[in-house]
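The values are calculated or read from the model by the stated rules, or taken from the named source; none is laboratory data. In this text the structure is predicted, and so the values were computed from the model without any measurement. Ideal geometry is used to build each Cβ from the backbone, glycine not excepted, and the neighbour counts take in all protein chains shown. Heads up: the accessible areas ignore ligands, DNA and RNA and are worked out on the full protein's heavy atoms, side chains in. Shrake-Rupley method; radii C 1.70, N 1.55, O 1.52, S 1.80 Å.
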Amino acid sequence: MKASLRFLTWLFWTTVASLISLLLLILLARLFYVLYPEMSVNTFIVWINRNIGFPLAYYLAGVPILLLFALYFYRRSVRRHEKKYLELLIEEVHKIEEGSVRKIPVENVGQLGQLATDINRMVDRLRTSMEEERRAEQTKNELITNVSHDLRTPLTSITGYLGLIDQDRYRDEVELRYYVNMAYEESLRLKQLLQDLFEFTRLQNKEMKLQKTRINLAEMLDQIIAHFGWQLQESGMECRLYLQGRHLYVHADGDKLRRVYENLITNAIRYGQDGKYIDIRSWVEGEEAVTEVANYGDPIPESDLPHLFDRFYRVEKSRASHTGGSGIGLAIAKHIVDLHQGTIAADSNEYRTVFTVRLPQNSETFKKNEEIS
């Protein structure tokens, strides 16, 4: 719209100025005949017709005038537009200095247009930086709030039970041992929470380095399940392992990868006791080693699935606190899988809840798997 208006303005003033110039030429011609009466109009017209020709004379007189004024008003319009656009840029830069992150309208005004594009790019980076700073501040506040809450709960229990013991407020040795056992369990929960928090902080700060070696995933899963034998027995659950083959090799950090599966199995025991079984399946798909950890407890609401791997996020938070979840385990698992350039995802329905881990295999490892299988 502005460009059309500028074009119409330029056309109007070019036409008006050209007509005025032609009128002035006519007046000068009449003045010439007044000053030199011996020169008649007829003789002048005959001279033009013989030496120039009438159409060519019109072009020689009118076209240069038209072009001259067209160029003049075009340059004048460009200068005025550049001046207004420069004033707009200065005004917008002052607003950015005051904290505004609104983009500047980009117009095709030579180098000023490029300058506006560069300023907008700077505004985008500024907006991103401000959003990251805001998220970092929010994350810090959430971290302090959640850690304070999670540390306070077991500490309150420990001090409560130890207070009862210190005041001899127990009936017999059986009740005394019960209080001691409860305080001990709460201290273990507190220790686990601090370990999770420390490890998650290291992951967030990118302090954790991977020491990759060639690992047989089948053997690792066997060892992890054996390690959970007592907990499975206490929970009245059974873990079933289904492997595509006994040689599922990946190039990974064994200690870190073990933590991923330990967290997933712990999560399955904690929330899948009603289903009695934990099924672990592992196979090779393309150049990826895929592992599923499934439990058959209560389903996870669909609205919670996208947030399962967020730090301190809990499904049914009251139940999670009762079962001792820190809300960090799945976040740690995701960070470790990300460090291995893999993916982890969750799916849940009324029958089962499945966590799927996909780890890339390099071509050399993949060929070895094929040869061994």
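Taken as a whole, the structure leaves Lys83 outside the set of residues that are open to solvent by 70 Å² or more (accessible area, probe 1.4 Å), in a loop (DSSP other than H, G, I, E, B) and at pLDDT 60 or above. Taking residues in segment 269-283 that are open to solvent by 50 Å² or more (accessible area, probe 1.4 Å), and partners anywhere that are part of a helix (DSSP H, G or I), the pairs with Cβ atoms closer than 7 Å and at least 6 places apart or on different chains are Arg270/Thr323; Gln273/Ser235.
I'd like to know if segment 238-249 contains one or more residues that are assigned by the TED database to the domain that holds Ile332 and either touching a Gly at 6+ places or on another chain (Cβ under 8 Å) or among the polar types (S, T, N, Q) (or both). Yes. Candidates in segment 168-190 are the residues that are among the hydroxyl-bearing types (Ser, Thr, Tyr) and over 20 Å from Arg270 (Cβ atoms); of these, the one that is surrounded by the fewest Cβ atoms within 10 Å (Cβ to Cβ) is Tyr178. What about Ile224, is it part of a helix (DSSP H, G or I), open to solvent by less than 30 Å² (accessible area, probe 1.4 Å) and touching a Phe, Trp or Tyr at 6+ places or on another chain (Cβ under 8 Å)? Yes; evaluated as a whole, the condition is true for this residue. Within segment 335-350, the set of residues being open to solvent by less than 50 Å² (accessible area, probe 1.4 Å) and more than 15 Å from Glu288 (Cβ to Cβ) comprises Ile336, Ala346, Ser348. Taking the numbered list (1) open to solvent by 90 Å² or more (accessible area, probe 1.4 Å); (2) closer than 26 Å to Arg75 by Cβ in turn, His94 passes all entries but (2).
Conditions (1) closer than 20 Å to Asp196 by Cα; (2) modelled with pLDDT of 60 or more; (3) in a helix (DSSP H, G or I), marked per residue:
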site: Ala268; (1), (2), (3): yes, yes, yes
site: Ile278; (1), (2), (3): no, yes, no
site: Trp283; (1), (2), (3): no, yes, no
site: Ala294; (1), (2), (3): no, yes, no
site: Glu302; (1), (2), (3): no, yes, no
site: Phe309; (1), (2), (3): yes, yes, no
site: Phe312; (1), (2), (3): yes, no, no
site: Ala320; (1), (2), (3): yes, no, yes
site: Lys368; (1), (2), (3): no, no, yes
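Of all residues assigned to segment 101-108, none qualifies as being part of a helix (DSSP H, G or I) and open to solvent by 100 Å² or more (accessible area, probe 1.4 Å).
For Glu364, the requirement of being in a helix (DSSP H, G or I) and either in contact with a Lys or Arg (Cβ under 7 Å, 6 or more places away or on another chain) or at pLDDT below 90 (or both) is met.
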